[in-house]
Amino acid sequence: MCGIVGYIGTKREAYPILIKGLKRLEYRGYDSSGVALINSDKSLSVYKAKGKVSELEAYCADKNIDGTVGIAHTRWATHGEPSSTNAHPHYSESKNLAIIHNGIIENYAEIKKNLIDKGLKFQSETDTEVLVQLIEYIQTKKDLDLLTAVQVALHQVIGAYAIAILDKRHPDTLIAARKQSPLVIGIGDGEFFVGSDASPIIEFTDQVVYLEDGNIAVMKLGEELKVVSILNEELSLNVKTVDMNLGEIEKGGYPHFMLKEIFEQPNCLINCMRGRINIDSDRVTLSAIIDNRDKLLLAKRIVIVACGTSWHAGLIGKQLLETFCRIPVEVEYASEFRYRNPVVTKDDVMIALSQSGETADTLAAIELAKENGAFIYGICNAIGSSIPRATHTGTYIHVGPEIGVASTKAFTGQVTVLTMLALTLADARGTIKHSDYVKVVKELTVIPEKIKEVLKVNEQVADLARTFTYAQNFLYLGRGYSFPVALEGALKLKEISYIHAEGYPAAEMKHGPIALIDSDMPVVVIATHNGMYEKVRSNIQEIKARNGRVIAIVSKGDTSIAKIADSVIELPDTLECLEPLLATIPLQLLAYHVAVCKGKDVDQPRNLAKSVTVE
Ligand code: M6R
């Protein structure tokens, strides 16, 4: 949520680095953006524009953009509507300071009132301007240096933040701080970079420090990076080498990141299984399980917490874990779990699923479960993000950076890890027959090839999408393992095409949603050859009897459903438990092509942001 980028050096101009960085971070928020530069004449210029980063660039075309020190921000509005006034950076009253901020200052109203009572004036409706005004007020009143003023101000603040702040009277210093909102510092040769993730930094350096909660980074030209606490204790630097290349965060010839990421899935899953599945011995090994065997094997219950698409992956995980391991599993929306005083004990294992590893609700659910003694297992994509650091152990899905706001490859990566986890635990608990274990492992290893085959339906789905662009509503139906796939298909469509869509267990249709069906209603039904085939086929007949338009996802060679459905999309055969990995692909493509046909902004749909770091 919101993107932060900063640069301080002497050899390079800051503006091009900041603009490029903002474009890389635009997926985090894109309703307005802005940049603050310490110009070569020592002035502090702030330029802001509503809309995308390209609007900011156009606005800056005739402005003074020179200087080798600056900060920039792309916003996803929390306090105050999207506008150039509310966009960051924000000046302090004297215009000596400029700040950018991700997160929410919860007690901003109270602080603002105090400052107004002291005579300060505010330009924007944001909590961020309150913070910079508070810092300046403390700095001036107590005659403090910027670092100390930041430390004192952060003591008074309740909430979450990642900030970067400049003081034009000290153009050789950039200060950044974090609490519950990610911040990465890049260390170059006599220069420093700041990012809300590593993507704006990796072009320049692979040496980074991920700030921990309560850390403040002081980047001063001519000196080493210094990290201190709010209480000014100097902290040791944990410099890491980032393993991300530029190709991974560029479109590589595809018109959108989402399409690129859909097509990457075969390779992503190969990477996800690499080193974990041994094809020669048909064995799955997850190091997280070896290291924490007792905790995991003795679990009386597993609670999966997640949001959005990750929650859908969790529903599939529940079926896998219960089927193979015979452990009761609950799947919870993290946002609900954290606030409903749940029963959690030391006998529970919590699995936290998150692509970004930064989702605020999921992090809060983890903290709550930890306080109650549960053992926490994270399944995340973003390396070094907050959730993997907050959990006791975990498994990265290793599908590479996901930039499109609509999650695609992370979903299949999560389901793949959950399958490997269920197999490993079941094997260790003795709840799966060896022959079944081997069958699933063998089939899992050929899933990437089968996804490649499924991707060949792309053109067919694109044609289909043109037919259905008129629709105001869509229904998605599935049973068993396919029910969460139906939910996921509906979520994909609504978030990028803005068409209302609902996912339902197919058998539930007659308990209500069937009333919606008429000749305008497209119904996507996952009707592959599995234990529920005949029952789902009957559901399709019920829809057709009411003139609904059925798009059926069927197993290759199915002629029976082809006779009654309006369109069929064929999938290669696989085991029922692995069907979500195939059936989700045409649904991702359908959502993508409908959104393209409707002229929507596929990668940056309205009102959304990639990583939801506020609750
Ligand atoms: O990063 P996370 O997996 O924790 O994110 C959870 C949801 O915000 C995310 O899946 C969201 O629903 C996506 N936009 C879905 O495409």
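The values are calculated or read from the model by the stated rules, or taken from the named source; none is laboratory data. None of these values were measured; they are calculated from a predicted model. Note that each Cβ is placed from the backbone with ideal geometry, even for glycine, and that neighbours are counted across all protein chains shown. These accessible areas exclude ligands, DNA and RNA; they are computed on the full protein's heavy atoms, side chains included. Shrake-Rupley method; radii C 1.70, N 1.55, O 1.52, S 1.80 Å.
Here are some notes:
- Selection of strands (runs of 3 or more DSSP E) fully inside region 23-95 by the criterion of at least 1 residues being closer than 22 Å to Lys251 by Cβ and among the small types (Gly, Ala, Ser) returns 32-38, 69-75.
- In region 239-290, the residues that are among the aliphatic types (A, V, I, L, M), in a loop (DSSP other than H, G, I, E, B) and more than 30 Å from His434 (Cα to Cα): Val242, Met244
- Residue check, Leu363 open to solvent by 10 Å² or more (accessible area, probe 1.4 Å) and in a helix (DSSP H, G or I): yes
- The one condition from (1) in contact (Cβ under 8 Å) with a residue 12 or more places away in the chain; (2) in the same structural domain as Phe468 (by TED's automatic domain parsing) that Ser611 does not meet is (2).
- Of residues in region 569-615 being surrounded by fewer than 20 Cβ atoms within 10 Å (Cβ to Cβ) and within 19 Å of the chain's Cα centre (by Cα), the one modelled with the highest pLDDT: Asp601
- Scope region 484-513; condition within 22 Å of Tyr470 (Cα to Cα) and in contact with a Lys or Arg (Cβ under 7 Å, 6 or more places away or on another chain); matching residues: Ile496, Ser497, Tyr498, His500, Ala501
- Residue identified as modelled with pLDDT of 95 or more, in contact with a Cys (Cβ under 7 Å, 6 or more places away or on another chain), farther than 19 Å from Ile351 by Cα and hydroxyl-bearing (Ser, Thr, Tyr) among Thr408, Thr431, Thr416, Thr445: Thr431
- Each residue in region 485-500 was checked for being away from the ligand (no atom under 13 Å from the Cβ), more than 12 Å from Gln588 (Cβ to Cβ) and not hydroxyl-bearing (Ser, Thr, Tyr), and 3 pass.
- Residue count for region 568-585, restricted to those that are touching an Asp or Glu at 6+ places or on another chain (Cβ under 9 Å) and part of a strand (DSSP E or B): 3
- For Tyr254, the criteria (1) surrounded by 13 or more Cβ atoms within 10 Å (Cβ to Cβ); (2) within 29 Å of Leu368 (Cα to Cα); (3) free of Cβ contacts under 8 Å to residues at least 12 places away in the same chain hold in every case but one, which is (2).
- Residue among Asn215, Asn232 that alone is over 21 Å from the mean Cα position of the chain (by Cα), surrounded by 17 or more Cβ atoms within 10 Å (Cβ to Cβ) and of a type in the set (S, T, N, Q): Asn215
- Single residue of region 336-355 satisfying the filter (within 15 Å of the ligand (Cβ to nearest atom) and in contact with a helix residue (DSSP H, G or I) (Cβ under 8 Å, 6 or more places away or on another chain)) that is most open to solvent (accessible area, probe 1.4 Å): Arg338
- Scanning region 205-219 for residues that are in a loop (DSSP other than H, G, I, E, B), small (Gly, Ala, Ser) and in contact with a Phe, Trp or Tyr (Cβ under 9 Å, 6 or more places away or on another chain) returns no hits.
Condition check ((1) in the same structural domain as Asp427 (by TED's automatic domain parsing); (2) modelled with pLDDT under 90) across all residues:
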residue	(1), (2)
Leu237	no, no
Val242	no, yes
Ile277	yes, no
Val284	yes, no
Ser287	yes, yes
Asp291	yes, yes
Thr309	yes, no
Leu315	yes, no
Glu322	yes, no
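- The set of residues in region 370-380 that are surrounded by 23 or more Cβ atoms within 10 Å (Cβ to Cβ) and outside any strand (DSSP E or B) contains only Ala374.
- Evaluation of Ile383 against the conditions (1) among the β-branched types (Val, Ile, Thr); (2) open to solvent by less than 40 Å² (accessible area, probe 1.4 Å); (3) within 15 Å of the ligand (Cβ to nearest atom) shows that the sole unmet condition is (2).
- Annotation note: of Thr419, Thr412, the sole residue that is surrounded by 22 or more Cβ atoms within 10 Å (Cβ to Cβ) and within 16 Å of the ligand (Cβ to nearest atom) is Thr412.
- Of the residues making up region 504-515, those that are of a type outside the set (Phe, Trp, Tyr) and open to solvent by 20 Å² or more (accessible area, probe 1.4 Å) are Pro505, Ala507, Glu508, Lys510, His511, Gly512, Ile514, Ala515.
- The set of residues from region 295-314 being open to solvent by 30 Å² or more (accessible area, probe 1.4 Å) and either within 16 Å of the ligand (Cβ to nearest atom) or assigned to a helix (DSSP H, G or I) (or both) comprises Lys295, Leu297, Cys307, Gly308, Trp311.
- Residue in region 315-334 that is open to solvent by less than 20 Å² (accessible area, probe 1.4 Å) and closer than 14 Å to Glu488 by Cβ present: yes
- Residue in region 559-568 that is on the phi < 0 side of the Ramachandran plot, assigned by TED's automatic domain parsing to the domain that holds Phe474, out of contact with any Pro (no Cβ under 9 Å at 6 or more places or on another chain) and open to solvent by 60 Å² or more (accessible area, probe 1.4 Å) present: yes
- Filtered residue count, region 396-409, keeping only those that are within 11 Å of the ligand (Cβ to nearest atom) and of a type in the set (A, V, I, L, M, F, W, C): 3
- Considered as a group, the residues in region 1-18 that are surrounded by 20 or more Cβ atoms within 10 Å (Cβ to Cβ) and among the β-branched types (Val, Ile, Thr) include one that is modelled with the lowest pLDDT, and that residue is Ile4.
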